[in-house]
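Have a look at the structure below before the remarks.
The values are calculated or read from the model by the stated rules, or taken from the named source; none is laboratory data. Everything numeric in this text was worked out from a predicted model, so none of it was measured. Positions of Cβ are generated from backbone atoms using ideal geometry, with glycine treated the same way; all protein chains shown enter the neighbour counts.
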């Protein structure tokens, strides 16, 4: 028996060289996780109940089918390291500059020009409980990819005001025991809503414009909508078929935010006039840790009047348009950690 | 001044050295340019720590 608090999580901050080639320990970090569940392995069996010719309708045999690995959430307070990792692995086109701190500039890769086609970088995920000779759990899942993420910012105190949840998928390939000695736990450089230093959506400055007291919350999310990765030759683990690739489908980038209504609010005008503009969201912890989400062309799709804790608010649903020159979105993260997604 | 990075065109026939800013990189990255290591000629000479006697 073991308490779930003993669960250790580590995963590749560097990318695997191929989907079936695990990260080396030097490119694996160890972090805490607010998701209190381990990543379950789900082998699926099938039987012969549908086959006639047995003389009855009941199943007589079991067959190994495939590993149906559920998606797994890494839920953390938003930090420069974790955002750089999540955005790089979910979007794919990454430029790194600097010599410490390092600046990661990240945009969604294009299928036509991405060196790996519709596939994003892969990483390995290690989960252990009492690793060693009598481990309760010690395995490394190989060929994991970031399916999507959600960044949540809200008016509240502390680290919970800036959260990032990342949904991951994996092929079904694993090694147990992992053979990995996880490093010491990382100390991330976390953000909170008090560190927001730029907050302008579609020409409206919610940080210093108007009363400067309008902003309530924001949620931004990315979804890769991976296609199933079973195909001839996709591979096997323990006699069960595994997935051999994760190709993105129709990707979706969503942004919603809630602001207080005040005299002269221009959100409705922007909506009905089809006004578009850039959106800039920045959190700055210090010179070595910052994050900027620059949406190149945002319009408003919905502006719904409501109330939040008794204050009259508007919930705005943005439409992120693809700008022919600058693309859809550019993420810039400054962090002390080298080698993320490299 | 921002650091400089080397970017390769999606066709692979051109390498540019550009400032590593969102403004400079966005138009390139959104059309498929990706980062490459500095060409050999642009790298700083290696300093030999200890010469053989």
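Here are a few things to note about the model shown:
- So residue A:215, is it crowded, with 17+ Cβ neighbours inside 10 Å and over 30 Å from residue A:8 (Cα atoms): yes
- Filter pass, residue A:75 being in contact (Cβ under 8 Å) with a residue 40 or more places away in the chain and farther than 29 Å from residue A:136 by Cα: no
- Taken as a whole, region A:242-253 holds no residue that is touching a helix residue (DSSP H, G or I) at 6+ places or on another chain (Cβ under 9 Å), closer than 27 Å to residue A:225 by Cα and assigned to a strand (DSSP E or B).
- Count of residues meeting criterion [more than 8 Å from chain A (Cβ to nearest Cβ) and closer than 14 Å to residue B:3 by Cα] in region B:22-39: 4
- Taking (1) under 30 Å from residue A:10 (Cα atoms); (2) surrounded by fewer than 19 Cβ atoms within 10 Å (Cβ to Cβ) in turn, residue A:307 satisfies each apart from (1).
- The residues listed here are A:210, A:203; of these, the one that is touching a helix residue (DSSP H, G or I) at 6+ places or on another chain (Cβ under 8 Å) and at pLDDT below 95 is A:203.
- Condition check for residue A:114: touching a helix residue (DSSP H, G or I) at 6+ places or on another chain (Cβ under 6 Å), closer than 18 Å to residue A:146 by Cβ, free of Cβ contacts under 8 Å to residues at least 24 places away in the same chain and within 14 Å of chain B (Cβ to nearest Cβ): no
- Hey, residue B:10 in a loop (DSSP other than H, G, I, E, B) and either more than 10 Å from every other protein chain (Cβ to nearest Cβ) or modelled with pLDDT under 90 (or both) or not: no
- Count of residues meeting criterion [in contact with a strand residue (DSSP E or B) (Cβ under 8 Å, 6 or more places away or on another chain), within 26 Å of residue A:219 (Cβ to Cβ) and without any contact (Cβ under 8 Å) to a residue 60 or more places away in the chain] in region A:138-191: 1
- The set of residues in region A:324-342 that are over 17 Å from residue A:220 (Cβ atoms) and either in contact with a helix residue (DSSP H, G or I) (Cβ under 6 Å, 6 or more places away or on another chain) or part of a strand (DSSP E or B) (or both) comprises A:325, A:326, A:334, A:335, A:337, A:340, A:341.
- Residue check for residue A:319: assigned to a strand (DSSP E or B) and either within 14 Å of chain B (Cβ to nearest Cβ) or over 28 Å from residue A:81 (Cα atoms) (or both): no
- Extreme residue, modelled with the lowest pLDDT, among residues of region B:25-53 that are assigned to a helix (DSSP H, G or I) and more than 21 Å from residue A:332 (Cβ to Cβ): B:42
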